[in-house]
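The next block holds one structure in the form of structure tokens; read it before the comments.
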Amino acid sequence: MKKQETKGMQQQLMSGNEAIARGAFEHGVTFAAGYPGTPSTEIMEAFSRYEGVYAEWSPNEKVALEVAIGAALAGVKAMAVMKHVGVNVAADPLFTVSYTGMNGALVIVTADDPSLHSSQNEQDNRNYAKFAKIPMLEPADSQEAKTFIKLAMDLSEKFDTPVFLRTTTRVSHSKSVVKIGEPSGGGDRRSIKFEPAKYVMVPANARVRRVAVEKRMAQLKEWAETFPENRMEMGSADVGIITAGMAYNYAKDVFPDYSYLKLGMVHPLPEKMIRTFASKVKELYVVEELDPFIEEQVRAMGITVTGKKVFPYTGEFDPGVIEVGIQALQKGKKAPAAIPPRPPNLCPGCPHRGLFYALGKTKAFVTGDIGCYTLSFMKPLQGLHTCICMGASIGMAHGMSKALREKGKGKIVGVIGDSTFIHSGITPLLNMAYNKSDAVIIIADNRTTAMTGMQDHPSTGTTLQGEKTKELDFAALAKVLGIESVRVIHPLNLKKTTSVLKEELAKDGPSVVISRGPCIFLQRERLKTVRPFTVDTDACTGCQLCLGLGCPAISWKTEEGVVPLTGKKRKGFASIDKTLCVQCSLCFQVCRADAIKPAGGPS
Amino acid sequence: MKEPVTSLLLAGVGGQGVLLASDIIGKVMMRAGLDVKKSEVHGMAQRGGCVTSHVRYGRKIYSPIAKEGDVDILVAFEKLETLRYLNFLKAGGKVLINEEEIYPPSVNLGDAAYPVDAAEVVRRQFKDVLVIHAPALARKAGNARAVSTVMLGALSRYLPEVSPDDWKNVIAEEFSEKLVPANLKAFDLGRETT
């Protein structure tokens, strides 16, 4: 991990995420809670390393937001940080904290993912701002990201409202030049204030606050008219473009000479400013990724505007998309050459590979979840058959098992990762015990939040800021929830894994199997002494059993002929890349021809 | 008025050091007083998928990514990846290819063939193509993992805005102390390749 190099450097190349963390630190934000999720993860990681701040990974986004609300109630400036789908999880407290406001300041960072680079859906979280009646700022690059987190905090204090800061993958993960400032948060802000009428949202109080929310939004709408980050950049009057966030950069890149209304705040919109801008240009466009969020509101003002008629609803934009849309160009995208795709894959030595290989042999229907293991749906493992959202594997396995009754006996398995189980798996597992389920749940426990880049969680024994802490015991928890059959396996032992799965599928009632094998990235010490396996090409019969593991280190070499040792014909043989092999031994275990050999004898 | 912009596209496979290489280019150009933006998509990069990084610099940069047909130099850290992103290159653009082959899953399984003639396919469309065997040069430099630094060395010859020392200063900062000598050597070996 690189140290935070800030001293004596006036400007730095920073990602949007790093810039948000820096801006928060400079502005006296002392508290942040979040759950890892691409593209938001690095905000918490970078923030947690600044001096004098408190930062935590919460078990999920709902808890993170509630924790941040508590901190804001205690008077400090607090952030809750999550990816777009995380806001769905946090939506319950979100809609009501909009009523209560806070004592300090509260900003919710939502990192959206147009093009679903690393997500299960492409939702446009600007809709949450409107839905929950919360103002939303949207930066276009790293310098703005750093500035806007400060503006968002100020806005939160000024109007006693939570504020959204929305990024997209392209803003979060692009790097651009940022001017570094000195911290100037100022003073101890902590306090306890008793204001039940404001914070106890029973109907009588909530009805009063409901009115206050409308009043606040009306004031914010007025304020938006003078907000300096809503700005007109007048150029040629032939074409005017209303835009926000990264789309602004794409448009400026191809059409630097047109007129722009660049919105720093996307909710609520400055209606008078939009009317003025529209009156100054001949042709008006809204350039926005995903939903026609601004466009529909502009149209509702009675203004003629072009948007989704020429720009796509789906996927992220680039400068080319805007050029094609505005110039009504007919040229399609040049099709790239037809070459083999390169999807992400389970790493060589990944413990999940053993689990899904064994699971495949059971022919069970596997409800899956969110994590690296989701990648096992691809050929050749094809090891899981659903992926909806965090925690869904368990509820779905239970629902299928209940609906199928005797037809589903021994055929329904749910697989969920350790961090995902903690995030959203505990209540559905309790439900399985309570409602007498018959499915098998596997906790694929690789001791980390691997998909997002190795974050700690309540079962790793370490906090985000590196403190040692309590370590959740999955087996004890499952027992306490009412699951009587709980087994622990090492998934790189194929024989044992297969037999335990068979036994648990045959049993009546719910079972939990904890498949425990540390992520390969946690094994750096072991990897230093790895002795790769090799293929004895005289013995390999070309049966391709080892290829069924889908290990990136094993490849197929076509070479028709006779196998020297068996004298039988084969079409080719397997080969192991010794720079990739990490000696997990799965291929050694599946090989029936004794052709895969440990280096230097058995290990 | 459009300001002149130089667009680079680095493409490779997770684990090859594409992102670190693009960070280094970004810092070198920023130190040279230019505006820089760079963009990549990561999150699933460690798991062997494609990794790309756009780097754009000039007096004023808006978009961190180039549109198709607008990239000046494509730096392919893996041979097959050259073909995947060739459509981003502008007419007359330059191509640097690391001659390393890393098989994607479908090739490993025998379902697809690896396009071994990638460099020839590129040469049919673009004149200025440099093929480097970066792993061999990295090993020669004393660190087999310094492939990305070899590629930076080769790229540096095409970027006259900055001197070798500008590169080396940043390289020395970005790597831990014991890796610096091999990476500086790797840079030189890459730069000497013609």
> Short version: ³J(HN,Hα) in whole Hz for each residue of region A:85-98, in order, from phi by Karplus 6.51 cos²θ - 1.76 cosθ + 1.60 (θ = phi - 60°), x for Gly and Pro, what are they?
Replying inline: 5, x, 5, 4, 5, 8, 5, 4, x, 3, 5, 9, 5, 4
> Taking each residue of B:99-109 in turn, how many C-beta atoms of other protein chains fall within 10 Å of its C-beta, and what is the average?
Replying inline: 6
>> Take A:V208 and A:T463, extend 7 Å from each Cα along the Cα→Cβ direction, and tell me the distance between the two endpoints in nm.
In response: 3.6 nm
>> Can you show me the helix-derived [θ] at 222 nm for chain B, built from DSSP H runs with n ≥ 4 at -39,500 (n - 2.57) apiece and divided by the number of residues, rounded to the nearest 500.
In response: -11000 deg cm²/dmol
> Once amide H atoms are built 1.01 Å from N in the peptide plane, which residues 5 or more positions from A:G414, or in another chain, come under 5 Å H to H?
Replying inline: A:T367, A:V440, A:I441, A:I442
> Tell me, what is the percent relative contact order of chain A, built from C-alpha pairs under 8 Å that lie six or more residues apart?
Replying inline: 10 percent
> Mind checking the mean number of beta-carbon atoms from other chains within 10 Å of the Cβ atoms in A:174-180?
Replying inline: 6
> Which residue, chosen from A:N446, A:G245, A:V163, occupies the Cα position most advanced towards the positive end of the dipole of the protein assembly as shown, where the dipole is computed from +1 (Lys, Arg) and -1 (Asp, Glu) charges on Cβ about the Cα centre?
Replying inline: A:N446
> Under unit Cβ charges (Lys, Arg +1; Asp, Glu -1), what dipole magnitude, rounded to 20 debye, does region A:180-237 have relative to its Cα centre?
Replying inline: 540 debye
> Per the helix-only calculation at 222 nm, which mean residue ellipticity applies to chain A, given -39500 (n - 2.57) for every DSSP H run of n ≥ 4 and division by its residues, nearest 500 deg cm²/dmol?
Replying inline: -10000 deg cm²/dmol
>> Restricting the calculation to Cα positions, tell me the Rg (one decimal) and the Dmax (whole number) of region B:108-194 in Å.
In response: 15.4, 46
> Which whole-number percent is the relative contact order of region A:449-512 (Cα, under 8 Å, 6+ apart)?
Replying inline: 21 percent
> Against the longest alpha carbon principal axis of chain A, how many degrees, from 0 to 90 and to the nearest 10, is the axis of helix A:16-26 turned?
Replying inline: 60 degrees
> Per the Kirkwood treatment, what hydrodynamic radius in Å, one decimal, follows for chain A from the mean inverse distance over all distinct Cα pairs?
Replying inline: 26.8 Å
>> Under 16 Å between alpha carbons, and skipping anything fewer than 8 positions from B:K178 in its own chain: which lysines qualify?
In response: A:K2, B:K168
> Straight-line reach from A:K569: which aspartates and glutamates have Cα under 13 Å away, leaving out those fewer than 8 places along the same chain?
Replying inline: A:D538, A:E559, A:E560
>> Would region A:1-131 count as rounded, prolate or oblate if I go by the C-alpha gyration tensor, calling it rounded below 1.5 in a/c and otherwise prolate when a/b exceeds b/c, oblate otherwise?
In response: oblate
> Stretch A:T534-A:E560 to full length: gain in nm at 0.36 nm per residue minus the Cα-Cα span?
Replying inline: 7.3 nm
> Which order do peptides B:73-80, A:470-477, A:293-300 fall in by mean Cβ count within 10 Å, highest first?
Replying inline: B:73-80, A:293-300, A:470-477
> Is there a simple number for the mean count of other chain Cβ atoms within 10 Å of the Cβ of residues in B:52-65, and what is it?
Replying inline: 5
> Which one of A:N345, A:I294, A:T100 has its Cα pushed farthest toward the positive end of the charge dipole of chain A, where Lys and Arg give +1 and Asp and Glu give -1 at the Cβ?
Replying inline: A:N345
> Stretched out fully, how many nm does the piece from A:Q10 to A:A218 gain, at 0.36 nm a residue minus the Cα gap?
Replying inline: 70.9 nm
>> Per-residue counts of other Cβ atoms within 10 Å, averaged by peptide: what ranking do you get for A:305-316, A:164-175, highest first?
In response: A:164-175, A:305-316
> Hey, what did region B:39-170 get for relative contact order, percent, Cα under 8 Å, at least 6 apart?
Replying inline: 18 percent
> Which aspartates and glutamates have a Cα lying under 12 Å from the Cα of A:K436, excluding residues fewer than 8 positions away in the same chain?
Replying inline: A:E484, A:D508
> Could the peptides A:572-582, A:126-136 be put in order, highest first, of the mean number of other beta-carbon atoms found within 10 Å of their residues?
Replying inline: A:126-136, A:572-582
> Can you flag which of A:K83/A:K363; A:K83/B:K90; A:K83/A:K133; A:K158/A:K193; A:K221/A:K252; A:K150/B:K67 are past 25 Å Cα-Cα?
Replying inline: A:K83/A:K363; A:K83/B:K90; A:K221/A:K252; A:K150/B:K67
> Given a Förster radius of 25 Å and the C-beta distance between A:E503 and A:L545 as r, what FRET efficiency does 1/(1 + (r/R0)^6) yield to the nearest 0.05?
Replying inline: 0.55
> R0 = 35 Å: FRET efficiency of A:V200 with A:A300, Cβ-based, nearest 0.05?
Replying inline: 0.45
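Each reported figure results from applying straightforward, stated rules to the coordinates on display, with no laboratory input. Please read all numbers here as calculations on a predicted model, not as lab measurements. Ideal geometry is used to build each Cβ from the backbone, glycine not excepted, and the neighbour counts take in all protein chains shown.
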